[in-house]
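Let me begin by presenting the structure, written as structure tokens, before commenting on it.
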Amino acid sequence: MRVIAIVLPDLALEVAAPVTAPVSARAPGAVTSRAPRGVVLASRKGMLESEITGNVRLHAVCESARAVGISPGQTLAAARATASDLVVRVVPAEALHAALERIAEAALAFGATASFARGEAGEDTVWVDVTGCAHLFIDAGEERAGEHARAPEELARGLEGEGRLLARLEARVRELGHTCRLALAGGPRVARAVASHGEPGRVVPPGPGRDREALLALPLEALPLEPAQRTTLRRLGVHDVGALARLPRAALGARLGARAGEIMQLLEGDDRAPLSPHVPRRAPSETLELEHGTDSLEALSFVVKTLASRLALRLAGRGVGVVKLTLELALDARLAGGDAVPQRKRCVLTLPTPISHPRELFVVLRARLERTLLPAPVLALTLRADECRARVHVPRSLFEPESQGRRALPLLIAELSAELGDGAVGRHRVERRVEPAAPDDLAEAPQG
């Protein structure tokens with residue numbers, strides 16, 4: 001078994017970050033605030049920052065907050081006593097779950113099974129089972145060129161392919177806007193421990209005892225120990241997993257408590273914990289809430305582009321393209337004058353061919369957005385793929401020239417359909433037919 005663990009240390013802070021305008025749209029000389037930031041998990045739905053009390057504990061803090069002495073688990077009153085300019089955001093647990101779900105679906109493009117789990121600050125993790133997938137990322141030309149530079153057993157294990165797989169998956173997660181630490185090992189718990197407390201981007205080679213060697217070099221925080229247990233072990237001079245593994249097993253079991261069996265297995269390098277597969281929803285969707293309502297086309301296009309990129313990665317994980325899209329705009333009806341304004345405005349797009357590339361999605365959505373009248377500022381946007389189909393990839397020929405218009409035509413038709421409306425654009429194929437000659441005509445034709 002070969003498993004990749006994706007640890008997301010700043011997921012709560014990234015989810016809490018407000019949606020801002022692109023750099024080109026900001027005022028000249030504008031400076032981004034560098035005030036320390038913290039995140040509080042919402043205790044109920046719709047909780048606001050103004051409702052936070054001083055005894056609420058912080059779930060996560062940024063690096064600048066850590067630098068002045070603020071740490072996760074600290075009360076808001078104590079944190080504000082340390083830094084009065086601390087900016088606190090409220091994040092619903094559903095938002096963190098949605099972010100993990102998005103990453104897991106994007107990771108399905110690299111393995112057959114993906115799973116995720118919520119944790120304390122810095123412990124949110126996504127796992128991907130990539131068993132048997134490493135050979136898909138090996139460059140045959142480079143492998144032959146470096147055949148004499150690498151050991152034969154390394155080539156047999158496919159470490160080159162696993163390293164490339166890990167690098168591409170990391171780039172995919174960072175494309176979603178998340179800081180991450182990845183590691184690949186023979187089990188999910190070992191991979192998570194190496195990613196969190198070891199060298200990021202490390203590939204633990206397969207083989208007997210390799211997972212155990214990687215785990216023994218890590219600090220005690222890599223094991224599922226209680227804080228009081230780690231404190232007691234440090235008083236005894238045990239500061240890492242290797243020192244813990246050298247203690248007598250009989251005396252060690254009494255000190256580890258209820259999770260002694262699990263920890264004992266990890267100390268022996270036995271990590272056979274099963275992954276709980278994530279089953280994607282039928283209709284993937286993405287939602288972004290704006291810090292302030294806006295009706296600017298440039299600002300809305302920036303948000304739509306982000307939504308299109310996120311949805312495209314989820315579609316790539318499923319290996320499908322979308323043929324029916326819904327863009328839902330939540331409006332601030334309080335700022336509209338005159339007649340009553342609906343709370344939401346829906347734009348449904350039916351596409352003639354499946355598309356999944358982020359640029360193609362953005363072009364189609366922007367075309368519809370430009371012809372949409374907004375009676376009130378937009379507070380939130382939701383992009384949903386209502387209907388998906390398998391997208392057939394036609395390989396390019398190496399010997400026959402291919403017209404660029406042949407590949408551009410589906411996108412052009414989709415853009416015209418979005419701009420002119422459903423049913424206004426059709427695609428027809430005209431063929432020239434040659435009527436066969438009648439039998440009598442053939443009989444009367446001159447011979448020779």
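Starting from the Cα-Cα distance between GLU387 and ALA250, subtract it from 0.36 nm times their residue separation and give me the gain in nm to one decimal.
So the extension gain works out to 43.4 nm.
Explain nothing, just the number: dipole magnitude of the range 243-299 about its Cα centre with +1 on each Lys and Arg Cβ and -1 on each Asp and Glu Cβ, in debye rounded to the nearest 20.
The calculated dipole for the range 243-299 is roughly 780 debye.
Using a cut-off of 9 Å between beta-carbons, work out the net charge of the residues near PRO358 (Lys and Arg +1, Asp and Glu -1, PRO358 not included).
Values: positive: LYS305, ARG310, ARG359; negative: GLU360.
Result for the local shell: +2.
Hey, rough spin-label estimate for HIS292 and HIS239, points 7 angstrom out along Cα→Cβ, what's it come to in nanometres?
A separation of 5.1 nm, rounded to one decimal place.
For ALA258 and GLU370, what does the FRET efficiency come to when R0 = 51 Å and r is the distance between their Cβ atoms, rounded to the nearest 0.05? Don't skip to the end; give the middle numbers.
Details: r = 60 Å, r/R0 = 1.18.
After rounding to 0.05, the efficiency reads 0.25.
Measure off, as a whole percent, the carbon and sulfur share of the 1.4 Å-probe accessible area of the range 173-248, all protein chains present.
50 percent
What distance in nm lies between label points placed 7 Å from Cα along the C-beta direction at ALA117 and GLU49?
Result: 3.3 nm between the two label points.
The values are calculated or read from the model by the stated rules, or taken from the named source; none is laboratory data. Keep in mind that this is a model prediction, so the values were computed, not measured. All Cβ positions, glycine included, derive from the backbone under ideal geometry; neighbour counts span all protein chains shown. Quick note on the areas: whole protein, heavy atoms, side chains included, nothing else; ligands and nucleic acids left out. Shrake-Rupley method; radii C 1.70, N 1.55, O 1.52, S 1.80 Å.
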